[in-house]
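This report concerns only the one structure given below.
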Amino acid sequence: TTVYGVINSLISKGLISKVQKEGTMYFSATNPIELLNILDQKREKLKSIIPELEKMKEFIPSLQKVDFYEGKNGVKTITNDIITVRKENVKVIGAGKKWIEFSSNFSTIYYRKKKEMEVTTNTIISDTLEERDFLKEKKYKNSNFRFLKGIDVTTSATFIYQDKVSFVSYEIGNERGFIIKDKEFNKVQRILFDNLWKIAKE
């Protein structure tokens, strides 16, 4: 009875066909590509309701929120959150050589999505010979870098975007970070960043 229940479910999804021959029921799996078609249909359905869900958010009071994440996957989650709004300009302190090396296992997807979403970044990093030499060898589209002496942000990064501020530590073995959603705090951090950007060197 369990098998027939599963089979009937797969038939209703169009993943199995059936035919009766001489009193015997035969079942056959459809082309595996149909799995992708089903996913595409679900994606389209979700896309159709996103605008309505966004409207519903407008009626929800703005609340301060802090989310804490641990481990490499946690840091990856924070990184993905940065590129969820199209044409956003993200202000970054840190995220130099060690950050790029740390994020190498997921940076390909990140930079592709960043390009698709037309997200730009202004980044302030430590003014050291190591950082300057490293960036000379790399070219990152939609990314602006400036250097500032007297700050050590080689194993941490701050991201200011949307109405949030994210802090990340990518110390090996102790990766962690958190996202603060607070418009006033975001506003203060933007002011501080803009003042540092003015005195930082290209």
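The values are calculated or read from the model by the stated rules, or taken from the named source; none is laboratory data. Since this is a predicted model, take the numbers as computed values, not measurements. Here the Cβ is made from the backbone with ideal geometry for all residues, glycine too, and neighbour counts use every protein chain on show. Heavy atoms of the whole protein, side chains included, go into the accessibility calculation; ligands, DNA and RNA do not. Shrake-Rupley method; radii C 1.70, N 1.55, O 1.52, S 1.80 Å.
Observations on the model:
- Residue pairs whose Cβ atoms lie under 8 Å apart, sitting 6 or more positions apart in sequence or on different chains, and linking a residue in the range 94-118 that is more than 15 Å from Phe145 (Cβ to Cβ) and free of Cβ contacts under 8 Å to residues at least 60 places away in the same chain to a partner that is of a type in the set (Asp, Glu) and in a helix (DSSP H, G or I), do not occur here.
Listed here are the residues, each with its yes/no results for (1) closer than 17 Å to Glu171 by Cα; (2) open to solvent by less than 30 Å² (accessible area, probe 1.4 Å).
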| position | (1), (2) |
| --- | --- |
| Asn89 | no, no |
| Ala95 | yes, yes |
| Thr108 | no, no |
| Val119 | no, yes |
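- Scan of the range 5-14 for residues that are surrounded by 10 or more Cβ atoms within 10 Å (Cβ to Cβ) and either modelled with pLDDT of 80 or more or β-branched (Val, Ile, Thr) (or both), ordered by number: Val6, Ile7, Asn8, Ser9, Leu10, Ile11
- Where Ser104 falls short, out of the listed (1) of a type in the set (Gly, Ala, Ser); (2) surrounded by fewer than 12 Cβ atoms within 10 Å (Cβ to Cβ); (3) at pLDDT 90 or above: (3)
- Scanning the range 52-80 for residues that are surrounded by fewer than 13 Cβ atoms within 10 Å (Cβ to Cβ), aromatic (Phe, Trp, Tyr) and modelled with pLDDT of 85 or more returns a single hit, Phe68.
- Within the option set Glu171, Glu130, being closer than 18 Å to Phe68 by Cβ and either of a type outside the set (Asp, Glu) or surrounded by fewer than 17 Cβ atoms within 10 Å (Cβ to Cβ) (or both) holds for one residue only, Glu171.
- Glu137 meets the conditions (1) closer than 22 Å to Asn73 by Cα; (2) at pLDDT below 80 in every case but one. The failed one is (1).
- Entirely in the range 1-88, the strands (runs of 3 or more DSSP E) that have 2 or more residues that are acidic (Asp, Glu): 65-70
- Among the residues of the range 15-48, those that are open to solvent by less than 80 Å² (accessible area, probe 1.4 Å) and β-branched (Val, Ile, Thr) comprise Ile16, Val19, Thr24, Thr30, Ile38.
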